[in-house]
Every structure is written in structure tokens, then in C-alpha cells.
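Structure record follows, encoded as C-alpha cells.
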Amino acid sequence: MKIVGVGCAPDLLTMQAARAITEAKRVAGSERALSLAEDFIPDGCPVYVLKEHFKLSEYPDDTVVLCTGDPKMVGFEVEGAEYVPGISSLQLAFNRLDISLDRASVVPAFGKSHTTRAITDAVKEVKRGKMVFVVADPHFSVTDLARSLMDKGIECRMAVCQDLGYEAEEIIMGTSAEPPSPTSPLFAVVVGDW
């Protein structure tokens, strides 16, 4: 199985990813991932839309599985799979905010159980001096994160980076004392002192 990152937005597909897709015998991915790669999917190639609670083990070993961004950041884990990296929202956000990637700490925040842990982890990482990149579920509460930072006496910068790479891209700045609010379900949060 090949896991291919198609980038986090249009026109961010690497040449290596494009080659892997054009050589595919079958392709699977979310609707968004498939739309980002549609120009490279061969005519007649079977295409499978991955829905919630899918199991990659149900697909043949020669399937090329597409994911948005970079598959190793918070993506699919398949033993023995070959991975083709993609351009992630982390790369775009840090570029837009002029922050060096060597200061990054990635915190995934998906689902209810992960959200609480994500906030705790993000606060710990900010205390360590890291620039925290929270890969957010659409229901992630930026306000709860800001409140937790303030409860620990941490006043720092916060940026909601939404629709990165798309026409509607917007970066909304704030602080833990006055947190920014996302206006799109497709967002990530950068927290720290930069």
C-alpha cells in the first residue's frame, strides 16, 4: 500500500506524489483529498471515497491512499506501507507567520478525548518554549485552550490559520488573553511567542 500526501490545498501536490497517483491501479481517499488529486488519477482507475470509521485493511495492497497534507504528521499508520510526503498546513502556517520549523511542536486535536489531552499537551509545549501547531478538529475550542494558558499564567500569541492555501485563506491573530476565533471549520492554531 502507498500512502500519498496530496498537500493541504490546491496546487500543493509534489511531483513525487503526482507520479505515484498517475501510476496507481486503484485510489482511495476522502472527498477533499480526491478533489486535490483528481487531475492525476488515471482514466478508468477505480476510486474509493473513504468515509468515517474506514479500515485501510479492507483495501488491496496495491491501493494508493490519498490524504491531505503530509501523511506522517497526523495521518494514516499502515505497517509496511510506502509513504510519499505532502506539503502540510504546518509548513504553510509557519511560512505565513515567519516562524522557523525547528521551533515547532505538533499537537493533534481530534475528537472529544483528544481535545482535552491536546489542550494539556499544548500548554506543556508552550511552557517549554515551543511554537505549538494544533491540528484542530472543526469543534476544537480555541477559547478553552486560551483559558488553560491563562490559568497557568501564560500570556502568548495565538493565530488561527484557516483555509490555508485556498482563496479564502485567513490568519486571525490574537493572544491567550484575547483569543482569535475561527470562522471556518478548516483551521489550525499556532500558539507561542514569536
Worksheet item: Is it fair to say residue 70 is touching a residue at least 24 places away in the same chain (Cβ under 8 Å), closer than 24 Å to residue 171 by Cα, crowded, with 16+ Cβ neighbours inside 10 Å and acidic (Asp, Glu)?
Response: yes
Practice prompt. List every residue pair whose Cβ atoms sit under 8 Å apart, with the two residues 6 or more apart in sequence or on different chains, where the first one lies in region 91-109 and is part of a strand (DSSP E or B) and the second, anywhere, is basic (Lys, Arg).
Written response: 104/130; 105/128; 105/130
Fill in: Subset of region 136-158 (residues that are surrounded by 23 or more Cβ atoms within 10 Å (Cβ to Cβ) and in a strand (DSSP E or B))
136, 158
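Computed from the coordinates by the stated procedures, all read-outs in this text should not be read as laboratory data. Fair warning: this is a prediction, and the values are worked out from it, not measured in the lab. Please note: Cβ atoms are built from the backbone with ideal geometry, for glycine as well, and neighbour counts cover all protein chains shown.
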